[in-house]
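I have placed the structure first, in the form of structure tokens, so that the comments after it can refer back to it.
The values are calculated or read from the model by the stated rules, or taken from the named source; none is laboratory data. Note that the structure is a prediction, hence the values are computed from the model and not measured. Using ideal geometry, Cβ is built from the backbone for each residue, glycine included, and neighbour counts are taken over all protein chains shown.
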Amino acid sequence: YPLGLGPDNADFMQQLDARLPDSHRHMHNNFLNVAVENGWLGLLTFLWWMGAVIFSAFSTWRRAKERDVFTAQASLAIGVALVGWQVAGVAEYNFGDGEVRIIAMFLMGLVLALAVRAEDLKRYASA
């Protein structure tokens, strides 16, 4: 299955090996579960996506820390929160929890908004 088993099909592994306990409906790791369900291409896309958002948060912090304390602090806090989310995801598939995913998507949207704000502040400061 180089392209994965498909979304929400990690429990298909129980059909392949009946010895797996019922409590193992998913892999207890974000990266492993994404790889099983979406294959190598899906895992690489997931890693790129998470890396790009986290990089954007920290680069926004770096750009804004001299001009706008709020944007800098918010970007740093969100970047650290997203890193913490992925570190916790090494021991539990928290990307599959709807309530966690909604908060994470909201934080990712804030990162993009703060990046635009930092760019606008940079543009207006140089004008």
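Screening Leu32 with (1) touching a helix residue (DSSP H, G or I) at 6+ places or on another chain (Cβ under 8 Å); (2) within 18 Å of Pro7 (Cα to Cα); (3) modelled with pLDDT under 95 gives one miss only, at (1). Of all residues assigned to region 78-87, none qualifies as being more than 12 Å from Ile54 (Cβ to Cβ) and part of a helix (DSSP H, G or I). Do we find that Val100 is under 20 Å from Leu47 (Cα atoms), at pLDDT 95 or above and among the β-branched types (Val, Ile, Thr) in this structure? So Val100 fails the test.
Taken across region 92-102, residues that are under 30 Å from Ala125 (Cα atoms), surrounded by 14 or more Cβ atoms within 10 Å (Cβ to Cβ) and out of contact with any Cys (no Cβ under 8 Å at 6 or more places or on another chain) do not occur at all.
One line per residue, one yes/no per condition, for (1) among the hydrophobic types (A, V, I, L, M, F, W, C); (2) modelled with pLDDT of 90 or more:
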{"site": "Tyr1", "(1), (2)": "no, no"}
{"site": "Leu5", "(1), (2)": "yes, no"}
{"site": "Asp8", "(1), (2)": "no, no"}
{"site": "Asp22", "(1), (2)": "no, no"}
{"site": "Met27", "(1), (2)": "yes, no"}
{"site": "Trp40", "(1), (2)": "yes, yes"}
{"site": "Thr45", "(1), (2)": "no, yes"}
{"site": "Trp61", "(1), (2)": "yes, yes"}
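Of the set (1) in a helix (DSSP H, G or I); (2) in contact (Cβ under 8 Å) with a residue 24 or more places away in the chain; (3) surrounded by 13 or more Cβ atoms within 10 Å (Cβ to Cβ), all apply to Arg67 but (1).
For region 80-105, the candidate set comprises residues that are without any contact (Cβ under 8 Å) to a residue 24 or more places away in the chain and touching a Leu at 6+ places or on another chain (Cβ under 9 Å); within that set, the residue that is farthest from Pro7 (Cα to Cα) is Trp85.
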